[in-house]
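Chemist: Let me give you the structure first, and then I'll get to my questions.
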Amino acid sequence: MKDNLREIFLENIDSTNLWAKTNIEELEDKTIVFAGAQTQGRGRLQRKWVDLGKGNLFMSIVLKPDKNYEHYANLTQYLSVTLCKTLEEYGIKPEIKWPNDVLVNGKKIAGILAETSVKGTKFKGLVLGIGVNLNAQEKDFSKIDKKVTSLNLEVGETIDMVEFKNKLVTSFFKDYNQFLEEGFKFIKRDYLALANFLDKELCVALINETKTGVASGITDKGELILTNNGNEFILNIGDIL
Ligand code: BTN
């Protein structure tokens, strides 16, 4: 681990994201909070993140920038690319489902949730949470309502959670400053190479409606371009169904 990173391990916690947000004022920039067990894991779009037992990764990265806020919204996509590179070190072929889900063989292996902390009008920091199924058992997948997998099942051996976390965190901070300077453009090529949704007919759930169309590209800001009957829709939030 690099010297300028701080780490906090919590044996058992409701949610590492919630804990980091609650304690944000005391936490320094680039603090890594990770847990042995997580009882109330939060997911995107008000979903839950299920704890699949010991040895899985529940981690939140606390970021308190003093500049370059404009690219913060794309940090989840940056983390998804970083995660794919880490997973590739284990000999598997991950894919990204827009905006930041990471899948292996069409099954979800990880989830990413960014939450901001604001007090009054003051931005206090960003909590970038990630859950990765590293050591799950197939029988527990019935607790989850979508197709999921776990790294141990993909590679056929137990995964050292701390070693995985260290690889991921090192890879994340390697290009972090450059990413903040350049934004999504910096990762666009890698992101597109990992994307599993391009040129496909998609149905995307937005906050109050659903849009269908062919995924014809990604903008320089990481937005999804959907084309339908010659009309282009640029989506910056949503869930591919
Ligand atoms: C999703 O796919 O919906 C995102 C799931 C994010 C889960 C992680 S686990 C660590 C961190 N703490 C939380 O409560 N959620 C994130």
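The values are calculated or read from the model by the stated rules, or taken from the named source; none is laboratory data. Predicted model only: the values in this text are computed from it and were never measured. As a convention, Cβ positions derive from the backbone with ideal geometry for all residues, glycine included, and neighbour counts pool all protein chains shown. These area figures cover heavy atoms from the full protein model, side chains too; ligands, DNA and RNA do not enter into them. Shrake-Rupley method; radii C 1.70, N 1.55, O 1.52, S 1.80 Å.
Chemist: Along the stretch 186-192, what does the Karplus equation 6.51 cos²θ - 1.76 cosθ + 1.60 (θ = phi - 60°) give for ³J(HN,Hα), rounded to whole Hz, x for Gly and Pro?
Modeler: 4, 10, 3, 4, 5, 4, 5
Chemist: Further, regarding this structure: Kindly sort Met59, Met161 by accessible area of their heavy atoms, largest first, with the probe set to 1.4 Å.
Modeler: My answer, sorted largest first, is Met161, Met59.
Chemist: Read phi for every residue in the stretch 87-102 and hand back ³J(HN,Hα) as whole Hz from Karplus 6.51 cos²θ - 1.76 cosθ + 1.60, θ = phi - 60°, with x for Gly and Pro.
Modeler: 5, 4, 4, 9, x, 10, 10, x, 9, 10, 9, 3, x, 8, 6, 10
Chemist: Here's another thing I want to ask about it. Using only the heavy atoms of the protein chains and a 1.4 Å probe, how would Lys85, Lys30 rank by accessible area, largest first?
Modeler: Lys85, Lys30
Chemist: Any idea what the alpha-carbon Rg over 2.2 N^0.38 Å comes to for the chain?
Modeler: That works out to 0.99 for the chain.
Chemist: Could you compute the net charge surrounding Phe184? Neighbours are other residues with a C-beta less than 10 Å from the C-beta of Phe184; K and R count +1, D and E count -1.
Modeler: Net charge around Phe184: 0.
Chemist: Then there's this: Can you find, among Thr39, Val118, Leu168, the residue farthest towards the positive end of the dipole of the stretch 6-194? Put +1 on the C-beta of Lys and Arg, -1 on that of Asp and Glu.
Modeler: Val118
Chemist: Another one. Comparing Ile13, Ile92, Ile144, which has the greatest mean-square fluctuation in the GNM of the chain with Cα pairs linked when under 10 Å apart?
Modeler: Sorting by GNM fluctuation, first place goes to Ile144.
Chemist: Please work out whether the stretch 57-164 counts as rounded, prolate or oblate from its C-alpha gyration tensor, where a ≥ b ≥ c are the square roots of the eigenvalues and a/c under 1.5 means rounded, while otherwise a/b larger than b/c means prolate and anything else oblate?
Modeler: prolate
Chemist: In a Gaussian network model over the chain where Cα atoms closer than 10 Å are linked, find which of Leu63, Leu202, Leu103 has the largest mean-square fluctuation.
Modeler: It is Leu202.
Chemist: Which cross-chain or sequence-distant (5 or more) residues have an amide H under 5 Å from the amide H of Leu10, H modelled 1.01 Å from N in plane?
Modeler: Phe34, Ala35, Gly36
Chemist: May I pose another question? Run the dipole for the chain about the Cα centre, Lys and Arg Cβ at +1, Asp and Glu Cβ at -1, nothing else charged, and hand back the magnitude in debye, nearest 20.
Modeler: That gives a dipole near 340 debye.
Chemist: Continuing with the same structure: Which of Asp140, Asp29, Asp51 ends up with the largest GNM mean-square fluctuation for the chain, with Cα atoms connected below 10 Å?
Modeler: Asp140
Chemist: In the chain, what percentage of the DSSP-assigned beta bridges are antiparallel, given to the nearest 5?
Modeler: On the way: 46 of 55 bridges.
Within the chain, antiparallel bridges account for around 85 percent of the total.
Chemist: Above 11 angstrom, tally the Cα pairs of the stretch 201-240 and express them as a % of all pairs, no decimals.
Modeler: 59
Chemist: Relative contact order of the stretch 1-141, please, whole-number percent, based on alpha carbon pairs below 8 angstrom and at least 6 residues apart.
Modeler: 25
Chemist: Over the stretch 17-56, what percent of the accessible surface lies on carbon and sulfur atoms, probe 1.4 Å?
Modeler: Result for the stretch 17-56: 49 percent of the exposed heavy-atom area is carbon or sulfur.
Chemist: Counting only the heavy atoms of the protein chains, how much of Thr39 is accessible to a 1.4 Å probe, in Å² to the nearest 10?
Modeler: Counting only protein heavy atoms, the figure is 90 Å².
Chemist: Please report the relative contact order for the stretch 201-240, taking Cα pairs under 8 Å with a sequence separation of at least 6, and give it as a percent rounded to a whole number.
Modeler: Rounded, it is 36 percent for the stretch 201-240.
Chemist: Hey, what do the phi angles of the stretch 151-164 turn into as Karplus ³J(HN,Hα) couplings, whole Hz, using 6.51/-1.76/1.60 and θ = phi - 60°, x for Gly and Pro?
Modeler: Taking θ as phi minus 60°, the curve returns 4, 4, 6, 6, 9, x, 8, 5, 9, 7, 4, 5, 5, 4 Hz for the stretch 151-164.
Chemist: Counting only protein heavy atoms and using a 1.4 Å probe, what share of the accessible area of the stretch 176-241 belongs to carbon plus sulfur, as a whole percent? The partial results should precede the final answer.
Modeler: Details: 1690 of 3730 Å².
Result for the stretch 176-241: 45 percent of the exposed heavy-atom area is carbon or sulfur.
Chemist: Whole number in Å², please: accessible area per residue of the chain, 1.4 Å probe, ligands, DNA and RNA not counted.
Modeler: Roughly 50 Å² per residue, with all protein chains present.
Chemist: Using modelled backbone amide H atoms (1.01 Å from N, in-plane), which distant-in-sequence or interchain residues come within less than 5 Å of Gly43's amide H?
Modeler: Lys48, Trp49
Chemist: Here's something else I'd like to know. Would you work out the charge dipole size for the stretch 6-127 about its Cα centre, treating the Cβ of every Lys and Arg as +1 and the Cβ of every Asp and Glu as -1, and quote it to the nearest 20 debye?
Modeler: I would put it at about 380 debye.
Chemist: So what is the relative contact order of the chain, in percent, for Cα pairs below 8 Å that sit 6 or more residues apart?
Modeler: 17
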